[in-house]
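Worksheet: one structure, shown below.
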Amino acid sequence: MINLQKGQKLDLTKGNPGLSKIMVGLGWDAGADKPKSGGFLGGILGGGGAAKIDCDASAILLNAQDKLTAKDRLVYFGNLQSADKSVKHSGDNLTGAGEGDDEQIHVDLSNVPSDVQKIVFVVNIYDCKNRKQDFGLIANAFIRVVNPANGQELCRFNLTDTYAGKTSLVVAEVYRHNAEWKFNALGEATNDFSITELIRRYQ
């Protein structure tokens with residue numbers, strides 16, 4: 001397993017012959033210095049205490065121009081799979097409780113439509129504006145890529161930056177390069193209040 005730093009890239013298929021499917025897991029905890037009312041990915045997340053933090057992970061399928069060309073190419077809690085069924089979401093986790101992944105997105109690389117060049121993985125906090133919540137309330141956020149055929153963790157990216165005041169994260173992306181698939185650790189934060197706002201960047 002390879003631990004990546006922000007900005008690092010990794011060949012997925014080139015270094016793993018026969019790899020055709022991946023599981024992308026995202027996880028988080030409530031910040032140690034905060035009440036257990038939620039965490040970064042707490043609401044994909046939540047916890048005890050006051051208003052729970054409900055984080056939502058999504059996958060955005062983009063073309064060569066980094067554009068989202070159809071509604072069904074946004075995979076999130078409201079649309080659990082792309083129309084072609086190549087990308088599937090495990091479902092919304094409202095509490096973020098427990099060890100391991102809080103949400104998982106499964107990608108069948110061999111069946112991703114040929115005009116999709118990139119899949120971007122993002123996380124936002126549900127209703128963050130009204131609840132006055134941001135990613136400063138969470139800790140130990142990560143994204144990892146697993147080969148579901150054998151359970152091998154291919155890479156992991158721990159998001160160690162301070163995201164206080166930020167309400168959405170563009171966590172990472174998987175993209176085509178010379179007929180292979182690569183992973184790019186992004187860890188970029190934005191002030192978008194919802195997935196609806198976030199996807200405007202790709203329209």
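Derivation of every value follows stated rules applied to the coordinates shown; laboratory data play no part. Fair warning: this is a prediction, and the values are worked out from it, not measured in the lab. As a convention, Cβ positions derive from the backbone with ideal geometry for all residues, glycine included, and neighbour counts pool all protein chains shown.
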Requested in this report: May I ask you to sort S82, S168, S110, S194 by Cβ crowding, counting other Cβ atoms within 10 Å and putting the fewest first?
Outcome: S110, S194, S82, S168
Query raised in the report: What does the helix-only formula give at 222 nm for the chain: each DSSP H stretch with n ≥ 4 adding -39500 (n - 2.57), the total divided by the residues, and the result rounded to the nearest 500 deg cm²/dmol?
Result: -1000 deg cm²/dmol
Report task. Can you pull a Stokes-Einstein diffusion coefficient for the chain at 25 °C (0.890 mPa s), Rh from Kirkwood over Cα pairs, as a whole number of µm²/s? Result -> 148 µm²/s
Report summary line: Ranked on Cβ counts within 10 Å of their own Cβ, fewest leading, C155, C55, C128 go C155, C128, C55
Report task. Give the order of E180, E173 when sorted by the count of other beta carbons within 10 angstrom, beginning with the fewest. Result -> E180, E173
Report summary line: Surrounding charge for E180, neighbours by C-beta under 11 angstrom, Lys/Arg +1, Asp/Glu -1, total +2
Report task. At 0.36 nm per residue, minus the direct Cα-Cα distance, what do A83 and D66 gain on full extension? Give it in nm, one decimal, please. Result -> 4.2 nm
Report summary line: antiparallel share of DSSP beta bridges within the chain, to nearest 5, in %, is 95 percent
